[in-house]
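The values are calculated or read from the model by the stated rules, or taken from the named source; none is laboratory data. Just so you know, these numbers come straight off a predicted model, no measurement behind them. Neighbour counts are summed over all protein chains in view; Cβ atoms, including those assigned to glycine, are modelled from backbone coordinates with ideal geometry. Note: accessible area is taken over every heavy atom of the protein model, side chains too, but ligands, DNA and RNA are not part of it. Shrake-Rupley method; radii C 1.70, N 1.55, O 1.52, S 1.80 Å.
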Amino acid sequence: MSEPLIQIEQNRLAGDWTAVKPEFRKGTYCYSAAAKNLQYLGLPNPREWQPSDQDWKLPADWKQIILDGFKERLGRFRSLRLFMDICVRCGACADKCHFYIGSSDPKNMPVLRAELMRSIYRRYFTATGRLFGSLAGGRELTEDVIKEWFYYFYQCTECRRCSVFCPYGIDTAEITMIGRELLNLIGVNINWITEPAANCYRTGNHLGIQPHGFKDSLEFAADELEEITGIRVEVPIAKKGAEILFVTPSADYFGTPHYFTLLGYLALFHEIGLDYTFSAYASEGGNFGLFSSHEMMKRLNSKIYDEAKRLGVKWILGGECGHMWRVIHQYMDTMNGPADFLEVPVSPVTGTRFEHTKSTKMLHIAEFTADLIHSGKLALDPSRNDKWKVTYHDSCNPARGMGLLEEPRYILKNVCNNFHEMPADTIREQTFCCGSGSGLGTDENLEMRLRGGFPRANAVRYVKEKHGVNLLTCICAIDKATLPTLLDYWVPGVEVAGVHELLGNALVMRGEKQRATNLRGEPLAQGNISSSAENSDGSETIHA
């Protein structure tokens, strides 16, 4: 990638915007779905093709399939018809999209991206559009429109930042989701979404790791944690009758830096004596159905609850993930719920009853851990994280999708001594996306990822220059996978970590050996090497 990427040209569309066709230039689009993955998932029109091809090999009746699908969804989702009708083109959303900021492509303004679909709606599903066509803002559905939909609906990460600023509450992410769902009906989809979904059916997780590999990875993590702490932790898998089913993204088992977050989980669960279990069948918290179709979302989410019922657990605890939590918080109840066979989560350590989860019966790990800290149940030595000057990225789905804003910050402020916020208009509800969510985190799409992630990186650069920040924390698996590349390009010298990695560093475990390294195996500063000893009353004393 060359420096000219930084030069973002402000180009206005000349003439009629509908006449401008997308340019499928290398680095700006994702590869098509492999035929084998469509076949495995039972999706239509499996074939070999690429977006750069002239002929996309669409079904002969592709136009009727799209129009029938559109009509069916207009009848099923009242919000879709509402969003099609009420936009007044005020432009409040125009400069809020990270892809528009990074590319200056007018069709990446949320209002115009939605217009790609809205113009078809007007032409075929309104009386004025059927009578007057383009005079009423409608346009014909052609193969060029299909290519345009593909190009721009896969340059939207469904982050919903634009929706925060819309005075009418239009959720543009929902429009993108319907656009992708309609494209799926004719076999126009990307491999970075269909392959993880197929793997999830085949082996239980996005990465395609088979059950024995899953078990080996968890046991390896227990071995490594023992080397660091001197404590052997148990890693239960498919334990029937356990109180809690723990579900986390598969990247936590095999990805970096996700793996260090996994070590933090294992240390925490051992320290509080949690009665829990992993599952090889439900070894994936992420739900790529959110980026594909409502039906796929429902199918993938059901695996978690089917396994909870099979194992006979009381409730579900979920790890640091993004799209898992938007599905759980906003869609699960009407798709697969309510989960009446489970109990409302109650912390076995503090007794806190988490009433807000009474429908899904699933609790976020940040809420669980923040409650432990607030109740004084953990011994923490924040000086173990003194090598880091930390900031926090509000991952889009937990932040805007479920309002999880304070709990991660509360944890961080208790486990590290140097915490700095990015500018207020780039965090919390207004947080900028990583630029690679909703299945767009592919290598072939790298230029658009770097362009889309530019606003987030710019905010990180600000706190690096002002406060010396060298660590960006987050609670999303996609963020952890894609932010390192983004920061390496725009803000070299800033690393990425999960919140529970820092919790694991600071956690003083009963009976642990003198800690010489953090969970990454990096030496602690000499003055920060500490160990614990249990007093006669059972309390902990930290020796530095």
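For P423, the criteria (1) surrounded by fewer than 24 Cβ atoms within 10 Å (Cβ to Cβ); (2) under 30 Å from Y331 (Cα atoms) hold in every case but one, which is (2).
Against the criterion of being closer than 30 Å to F24 by Cβ, touching a residue at least 24 places away in the same chain (Cβ under 8 Å) and surrounded by fewer than 22 Cβ atoms within 10 Å (Cβ to Cβ), E447 qualifies.
Here's the yes/no breakdown for (1) of a type in the set (S, T, N, Q); (2) closer than 14 Å to N184 by Cα:
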| site | (1), (2) |
| --- | --- |
| Y31 | no, no |
| Q39 | yes, yes |
| R47 | no, yes |
| Q50 | yes, no |
| D55 | no, no |
| L58 | no, yes |
| K63 | no, yes |
| L67 | no, yes |
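Could you please let me know if K298 is closer than 20 Å to A198 by Cα, open to solvent by 10 Å² or more (accessible area, probe 1.4 Å), touching a residue at least 40 places away in the same chain (Cβ under 8 Å) and not in a loop (DSSP other than H, G, I, E, B)? It is false that K298 is closer than 20 Å to A198 by Cα, open to solvent by 10 Å² or more (accessible area, probe 1.4 Å), touching a residue at least 40 places away in the same chain (Cβ under 8 Å) and not in a loop (DSSP other than H, G, I, E, B).
How many residues does the stretch 465-499 contain that are acidic (D, E) and either crowded, with 24+ Cβ neighbours inside 10 Å or within 16 Å of the chain's Cα centre (by Cα) (or both)? Reasoning before the result, please.
Our first condition is that a residue be acidic (D, E); within the stretch 465-499, this holds for 465, 479, 488, 495.
Applying the additional criterion that residues be either crowded, with 24+ Cβ neighbours inside 10 Å or within 16 Å of the chain's Cα centre (by Cα) (or both) yields 479.
Summing the residues that are acidic (D, E) and either crowded, with 24+ Cβ neighbours inside 10 Å or within 16 Å of the chain's Cα centre (by Cα) (or both) in the stretch 465-499 gives 1.
Taking the stated definitions as given, is L182 out of contact with any strand residue (DSSP E or B) (no Cβ under 6 Å at 6 or more places or on another chain), under 30 Å from K63 (Cα atoms) and assigned to a helix (DSSP H, G or I)? Yes, satisfied.
Candidates N458, N518, N417: the one that is out of contact with any strand residue (DSSP E or B) (no Cβ under 8 Å at 6 or more places or on another chain) and surrounded by 19 or more Cβ atoms within 10 Å (Cβ to Cβ) is N518. Criterion applied to E115, E181, E148, E143 was being among the charged types (D, E, K, R) and over 28 Å from E48 (Cα atoms), and the one residue passing it is E115. Among the conditions (1) surrounded by fewer than 16 Cβ atoms within 10 Å (Cβ to Cβ); (2) part of a loop (DSSP other than H, G, I, E, B); (3) of a type in the set (S, T, Y), T128 misses just one, which is (2). Criterion applied to E226, E307, E243, E234 was being more than 26 Å from C474 (Cβ to Cβ), surrounded by fewer than 19 Cβ atoms within 10 Å (Cβ to Cβ) and in contact (Cβ under 8 Å) with a residue 40 or more places away in the chain, and the one residue passing it is E243.
Return yes or no: is C433 in contact (Cβ under 8 Å) with a residue 12 or more places away in the chain and in contact with a strand residue (DSSP E or B) (Cβ under 6 Å, 6 or more places away or on another chain)?
Numbers: in contact (Cβ under 8 Å) with a residue 12 or more places away in the chain: yes; in contact with a strand residue (DSSP E or B) (Cβ under 6 Å, 6 or more places away or on another chain): no.
No.
Among the residues of the stretch 247-276, those identified as open to solvent by less than 20 Å² (accessible area, probe 1.4 Å) and closer than 15 Å to A506 by Cα are T261, L262, L263, G264, Y265, L266, A267, L268, F269, E271.
The set of residues in the stretch 449-476 that are in a loop (DSSP other than H, G, I, E, B) and farther than 18 Å from G437 by Cα comprises G468, V469, N470.
When you check D306 against the structure, is it assigned to a loop (DSSP other than H, G, I, E, B), more than 14 Å from T248 (Cα to Cα) and not hydrophobic (A, V, I, L, M, F, W, C), yes or no? No.
Apart from one condition, R73 fits all of (1) closer than 16 Å to W149 by Cβ; (2) in a loop (DSSP other than H, G, I, E, B); (3) basic (K, R); (4) modelled with pLDDT of 95 or more; the exception is (2). Pull up the stretch 23-53, narrow it to residues that are under 19 Å from N445 (Cα atoms) and of a type in the set (K, R), then point me to the one that is least open to solvent (accessible area, probe 1.4 Å). Selected residue: R25.
Checking each residue in the stretch 136-180 for being open to solvent by less than 10 Å² (accessible area, probe 1.4 Å) and among the acidic types (D, E) picks out E148, E158.
Which members of the stretch 404-414 meet the condition of being assigned to a loop (DSSP other than H, G, I, E, B) and either without any contact (Cβ under 8 Å) to a residue 40 or more places away in the chain or open to solvent by 40 Å² or more (accessible area, probe 1.4 Å) (or both)? Give the steps one after another, and end with the answer.
Just the residues of the stretch 404-414 that are assigned to a loop (DSSP other than H, G, I, E, B), to begin with: 404-405.
Result: L405, single match.
Being under 14 Å from V327 (Cα atoms) and of a type outside the set (D, E, K, R) is the filter; apply it to the stretch 353-364 and report the residue that is most open to solvent (accessible area, probe 1.4 Å). Explain how you work it out, then say what you get.
We begin by selecting, within the stretch 353-364, every residue under 14 Å from V327 (Cα atoms); these are 357, 359-364.
Next cut, of a type outside the set (D, E, K, R) only: 357, 359-360, 362-364.
Working: T357: 5, S359: 36, T360: 19, M362: 4, L363: 0, H364: 0 Å².
Filtering first and then ranking leaves S359.
Selection of the stretch 384-400 for residues being more than 14 Å from E320 (Cβ to Cβ) and crowded, with 20+ Cβ neighbours inside 10 Å yields R384, N385, W388, V390, T391, R400.
Could you tell me whether R510 is assigned to a loop (DSSP other than H, G, I, E, B), surrounded by fewer than 22 Cβ atoms within 10 Å (Cβ to Cβ), at pLDDT 95 or above and on the phi < 0 side of the Ramachandran plot? So R510 passes the test. Apart from one condition, S134 fits all of (1) in a helix (DSSP H, G or I); (2) touching a helix residue (DSSP H, G or I) at 6+ places or on another chain (Cβ under 9 Å); (3) modelled with pLDDT of 95 or more; the exception is (3).
Of all residues in the stretch 76-102, which are outside any loop (DSSP other than H, G, I, E, B) and either in the same structural domain as F454 (by TED's automatic domain parsing) or open to solvent by 30 Å² or more (accessible area, probe 1.4 Å) (or both)?
Just the residues of the stretch 76-102 that are outside any loop (DSSP other than H, G, I, E, B), to begin with: 76, 78-86, 98-102.
R76, R78, S79, R81, L82, D85, I86, Y100, I101 - these are the residues of the stretch 76-102 that are outside any loop (DSSP other than H, G, I, E, B) and either in the same structural domain as F454 (by TED's automatic domain parsing) or open to solvent by 30 Å² or more (accessible area, probe 1.4 Å) (or both).
Out of the residues in the stretch 322-352 that are more than 16 Å from S293 (Cα to Cα) and at pLDDT below 95, state the one that is surrounded by the fewest Cβ atoms within 10 Å (Cβ to Cβ). Top of the filtered list is D340.
Need the failing condition index for R118 against (1) open to solvent by less than 20 Å² (accessible area, probe 1.4 Å); (2) out of contact with any Leu (no Cβ under 9 Å at 6 or more places or on another chain); (3) farther than 17 Å from D16 by Cβ; (4) not aliphatic (A, V, I, L, M), just the number. Only one criterion in (1) open to solvent by less than 20 Å² (accessible area, probe 1.4 Å); (2) out of contact with any Leu (no Cβ under 9 Å at 6 or more places or on another chain); (3) farther than 17 Å from D16 by Cβ; (4) not aliphatic (A, V, I, L, M) is unmet by R118, namely (3).
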